[in-house]
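What follows is one structure encoded as structure tokens, with my remarks underneath.
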Amino acid sequence: MLYDLIDHDLIDVFDHDQCHWEEAVKETTRYLQSKGYVTEDYANAIIQSTHDNGPYYVLCPGVAMPHARPEASVLKTGLGIHVYKTPIDFGSDLGPSNVLLTLAAKDSDTHIEVIQALSEMLVEEENIEKLSQASSKEDVLEIIQRY
């Protein structure tokens, strides 16, 4: 289950007035870095990849999954869930995102279980709406506990 697969210390809600997408990437990856999932270079790898390839990780309106290749400073597989009150503009045709699912995948196989559970949750649009309106870490945990 998603609830059991995610380190709850990697979940937070931010109440910034505005945040540039690069700052949001740095902020969310700091959580992963502080818990030993990635090195400090991971944020720069995501930012560089975005500059090179565009915001390929915006999944749907309101939800982005910033990530870079496994060899890019990932120490172990993890997923951070961060909700921003003010949506982040990544420059995607799908619009801004206020739910950031920051993925660190050690290799192309080990994160499949997390992605499958996450997909089950995101397929229900009501869950995306609830996540985007979460006002606390506890709200986010309550939403994901069913998955």
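Overview of results
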| read-out | value |
| --- | --- |
| Dipole moment magnitude, nearest 20 debye, region 90-147 about Cα centre, only Lys, Arg, Asp, Glu C-beta charged | 200 |
| Square roots of 5 times each gyration tensor eigenvalue, C-alpha, the chain, largest first, Å | 20, 18, 14 |
| Among H8, S92, A64 - extreme Cα towards positive end, dipole of the chain, charges at beta-carbon | H8 |
| Cα-based Lys pair tally, region 23-147, threshold under 27 Å, eight or more apart or on separate chains | 16 |
| L141-H20 pseudo-label distance in nm [points 7 Å out on the Cα-to-Cβ vector] | 3.4 |
| Contact order normalised by residue count of the chain, Cα under 8 Å, 6+ apart, percent | 31 |
| For region 87-147, the Rg and Dmax computed from alpha carbons only, in angstrom | 12.8, 33 |
| Exposure ranking of D109, D12 by accessible area [1.4 Å probe, largest first] | D109, D12 |
| Region 25-125, dipole about Cα centre (Lys/Arg Cβ +1, Asp/Glu Cβ -1), debye to the nearest 20 | 380 |
| Normalised per residue, the volume of the convex hull around the Cα set of region 1-78 (Å³) | 112 |
| Per residue accessible area in Å² of the chain, where ligands, DNA and RNA are left out and the probe is 1.4 Å | 50 |
| Computed accessible area, L59, all protein chains, 1.4 angstrom probe, square angstrom | 90 |
| Apportionment of accessible area to carbon and sulfur, the chain, percent (1.4 Å) | 45 |
| Under Karplus coefficients 6.51, -1.76 and 1.60, residue-wise ³J(HN,Hα) of region 12-28 in Hz, glycine/proline x | 7, 10, 10, 10, 5, 5, 8, 8, 5, 4, 5, 5, 5, 4, 4, 5, 6 |
| Structure-based [θ]222 nm, the chain - -39500 (n - 2.57) summed over DSSP H runs of at least 4, per residue, nearest 500 | -11500 deg cm²/dmol |
| Rounded to 5, the percent of DSSP beta bridges in the chain classed as antiparallel | 60 |
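The values are calculated or read from the model by the stated rules, or taken from the named source; none is laboratory data. Just so we're clear, the structure is a prediction, and the values are computed from it rather than from any experiment. All Cβ positions, glycine included, derive from the backbone under ideal geometry; neighbour counts span all protein chains shown. Accessible surface areas use protein heavy atoms only, side chains included; no ligands, DNA or RNA. Shrake-Rupley method; radii C 1.70, N 1.55, O 1.52, S 1.80 Å.
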